[in-house]
Structures are given as C-alpha cells and as structure tokens.
Amino acid sequence: LGFRAFRVVKFRRTGESSRSDEDGISGEHEVQIEGVRTELEPVELGDGAAVPKEFANPTDDTFMVEDAVEAIGFGKFQWKLSVITGLAWANAMEMMILSILAPQLHCEWRLPSWQVALLTSVVFVGMMSSSTLWGNISDQYGRKTGLKISVLWTLYYGILSGFAPIYSWILVLRGLVGFGIGGVPQSVTLYAEFLPMKARAKCILLIEVFWALGTVFEVLLAVVVMPTLGWRWLLILSALPLLLFAGLCFWLPESARYDVLSGNQEKALATLKRIATENGAPMPLGKLVISRQEDRGKMRDLFTPHFRWTTLLLWFIWFSNAFSYYGLVLLTTELFQAGDVCSISSRRQEVKAKCSLTCEYLTEEDYTDLLWTTLSEFPGVLVTLWIIDHIGRKKTMALSFLVFSFCSLLLFLCVGRNVLTVLLFIARAFISGGFQAAYVYTPEVYPTATRALGLGTCSGMARVGALITPFIAQVMLESSVYLTLVVYSGCCLLAALASCFLPIETKGRGLQESSHKEWGQEMVGRGSHSPEESQE
C-alpha cells in the first residue's frame, strides 16, 4: 500500500483560558500550509454594528458574563426590562405625594407644623431602616427576589394608608410604605447588570425618566382627584404603577451575574441564551467561566482599603442629594404659598399672630407652578445624559451640586413669582441630574458581590438626609428662610468637593465581577484568569 504524506498541523492557541498555562509549556507551533493564505485580512465594523456570528469570540474557549452581555448588545430584551423596572422606579409618586398631602392634612386634621414634618420624615425613617436590609436580601437571595418583595410590600401598605382613620394610623402606615420603598433602588442593580458598557449610563438615566413621569403624573392626578375625591383616593390611585409592575414582574429574569457568582452556571447560561434569542444576536462561543464563589452582602467588604474612601464619600454624596432634592420639593410648596422669598417671614409672623393652626390649601395656581417645577426633571435627565459620558461621572455630580448651590443663593434676592419659578426649575433640574449620576456611578464602582449592598447602604444614607430635611424645609423655615437656604447651599458645596475627591472614575469601564481582581480588569483584559476562577 502506498501512503500519501499528510502534513500534521498544530494551531497556536491565542485565547486565554484556564488551560492556557498548560498549553504554553510546549511552546507555540507555527505551520505553513502550501496553497493556503496565512495572513488574515482585518474586518472593520462600524460603530454599534453587531459582531458577525462567525467572528463572535473566535479565539477564546471561555467567556464571562461581561463578554456575553457585550457581545449580545442592547436589544428587545433590554427595552422590555427598561419598561418593567421603570414601573418600579415610578414610585416617585409615593414621594411626590408628601408635598401635596402635608398641607391638606395640616388643614383637615388641624396638625401643627412638627406633626406635618413628622408625617414626611417617618417615610424616610422606614426607607433608611430598610435600605441595607434590602441590599443584603438582593445579594444573598437574588436581585429579582428583593425587588419583587419590596414592591409588593409598598403596594400593599400604600393602598392601606388611604383608609387610615386617624393621624397615628397614617403615621404608621406611611412608615411601612417607606420601609418598602427602601428596596426599590435594587431595580437599578438588576437593570445595570443586563446592560452593555456603552449603553449603561444612558439607559440608567433613561429609566430615571420614569421617576420624572411619576412626579408629573402625581401632580396631574392631584389636580383631578383632590377637589373631587380627596386625599384618600389620591393615595390609593398613586399605587397604580406598582400594581402594573406586580402584574408584569413574572417576566423578569434573575441577574446572570448574580447566578454566576452564586455558582449557578446553568441558570446564568439559560438567561444569557434567552437574551440572545430575544435580541436576535449570537451567543459567544465557548464555555461560561464561573467566578470564584464569594461571601455576598458583607458590610466589611465596603471598607476594604480599596473601597473605604469611595464608600464614605458616596455616603455623603447620597445624603446631600436626598437632603437637597426633597428639601427643594418641600420648599417649593412653601415658597409658592408665600409668593416670594422676602415675604415668607412676614407671612409666617402674621399666621402666628392669628393662630398657630392657621392653614392654607394648595390653590390651582400652586398646582400649576408645582407642575412646572416638576417638569424640570426632564431637562435634568437630558442634560445629565449629554454630559455624563463627555466629562465623566464625578464631574457631572460636582457640576450638578454647584449649580443647585448657586440657584439657592440667588433665592436670597427679592425676586417675583416668575423668576422664583425659573430658579426652582433650574435648581431641581440639576439636583435631580446629580441624583441620576449617583445612580449610574454607584452600581459601576462596586463588584457584583457587594453591588446591591453598596447601593443599599448609599440609599440608606440618602434617607437620613431625606429624614432630616422636613425639619429644615418646614420647621426651620418658620424661623429664618435665609438660614434655611444657607444650609442647603453649603451642603451642596461640600458634596461637590466630595464628588471631585472620589478616587475612581467609572466612565468607559465595565462592571467588576469579583472583588479579588483589580478594579476594571474585566475591560482591561482577561489575561489574568486563574484556574480557580474557571470551572472545567
């Protein structure tokens, strides 16, 4: 028999995997094949173009969740997720109602100012006490589980509060509503973990539109409902977005990043395949890398040397955001009822001279101006959307705080109602923009193991600010409007400095999977995958 000579071809491995170290022992083998062109022609893709299936991860035999999310890209799945998580985020209605409910109950139940302020503060007490708890639940049992329970809790007690017979009952029920709202920011954690890097900042900002829609819808609902049905029906109808979420939440998947971290590879892979199918995009070739299992939801991880300053500065930034944002919301109704800043002190003195329980209902003009200032959140989203990827997350937050502080100082001038409305419009646009930038930055800076807890503790610190602000915006205002404005302006100046001193800028970086890697390594390269991080 005659034997034909066949060339034995060994290919050089170019990808990194758990087996790359073993392959490297024998060295690289380059082979020339007769009649075959060995040089590859480069293929250029336009911005935003999908990777062709034959080129999807051609050289790697393993991939991480980050790789899959980037390869699959943004599509139909993310649009659906945007709407559903946005409905949870529309709980802004439950917050906006505080500025409408306070003057109404002040008049109807003859409440003194400290009880009105307490009615607002108790909501934030509930939020503050539960934020870390919801973060722990989301890190231990899943983002979907934590979000569903918190939304259903808020829905139940939100509707019940509409039936409160006396002040003490509504105080307890609104506190329980606040306890549930403390978990709603976990919708951002779930949402962010399904977003490709280039779309993440824009998409998180876009679901903030649902917050703005919620505040606007609340004011419009109050205009229609308050004169006819009263505040009880306003409380019940304000739960509509959460009711819609409860009906649609069965569609939500668990975060693939969470499943991989908890060692559930099959479930994570099934979720990624589902996303790829819905988006009509190819899955990366190869095997999904399972990250090393870590203890999840541990507070001490937020204070490791690498994250200590980030955590402390973020806590103050979130505190200042909520303190100023909700303070402005409450101040708006107070200032509009007074007409302008300069007349508010004399008006308060006249009220005290008549009766300590004298009250004024919100007028149609008050609702109109309240609507205008609420609409400012939309340009706030657009401005933040435009600058956050140009100047970075840190500078965006700093700029937002500086503009708010400047507008607060301008309120010292004796301006008319129209100029007052414009200044409040600009201030609210930028402070809401700063809040949105913080919601983008925080999930990006923490690794998957502590992401929900990091966001939860920041949200808890925000509630501390929101808890204090009614006593500034409603109680201190009675003593000195100028001291009140100085407090808000000074707090935001300090927050602007804190934003500049944050040690990590997350612009253009991927989400960190493991706290055992250097920050941002997932997007710098995967060359340091260790055998213990992969599972054959």
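The values are calculated or read from the model by the stated rules, or taken from the named source; none is laboratory data. Given the structure is predicted, the values throughout are model-derived calculations rather than measurements. Counting neighbours? That spans all protein chains shown, and the Cβs are built from the backbone with ideal geometry, glycine included. Side chains are part of the model used for accessible areas, which takes the heavy atoms of the whole protein and leaves out ligands, DNA and RNA. Shrake-Rupley method; radii C 1.70, N 1.55, O 1.52, S 1.80 Å.
Numbers at a glance
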quantity	calculated
Failed item in (1) surrounded by fewer than 21 Cβ atoms within 10 Å (Cβ to Cβ); (2) modelled with pLDDT of 85 or more, with I275 passing the rest	(1)
Members of region 211-246 that are farther than 16 Å from W89 by Cβ and out of contact with any Gly (no Cβ under 9 Å at 6 or more places or on another chain)	V219, L220, L221, A222, V223, V224, V225, M226, P227, T228, L229, G230
Among the residues listed as L252, L269, L235, L205, the single one being of a type outside the set (D, E), free of Cβ contacts under 8 Å to residues at least 60 places away in the same chain and in the same structural domain as F77 (by the TED database)	L269
Any hit, region 153-175, residues being modelled with pLDDT of 85 or more, more than 20 Å from I387 (Cα to Cα), of a type in the set (S, T, Y) and in contact with a Lys or Arg (Cβ under 9 Å, 6 or more places away or on another chain)	yes
Leading residue by the ranking (modelled with the lowest pLDDT) among those in region 247-261 that are under 16 Å from W89 (Cα atoms), part of a helix (DSSP H, G or I) and in contact with a helix residue (DSSP H, G or I) (Cβ under 9 Å, 6 or more places away or on another chain)	C249
Among residues of region 479-511, those that are among the polar types (S, T, N, Q), open to solvent by less than 50 Å² (accessible area, probe 1.4 Å) and over 18 Å from the mean Cα position of the chain (by Cα), counted	3
So V188, is it within 16 Å of E94 (Cα to Cα) and open to solvent by less than 50 Å² (accessible area, probe 1.4 Å)	no
Output for region 205-218, where each listed residue is among the aliphatic types (A, V, I, L, M) and surrounded by fewer than 24 Cβ atoms within 10 Å (Cβ to Cβ)	L205, L206, V209, A212, L213, V216
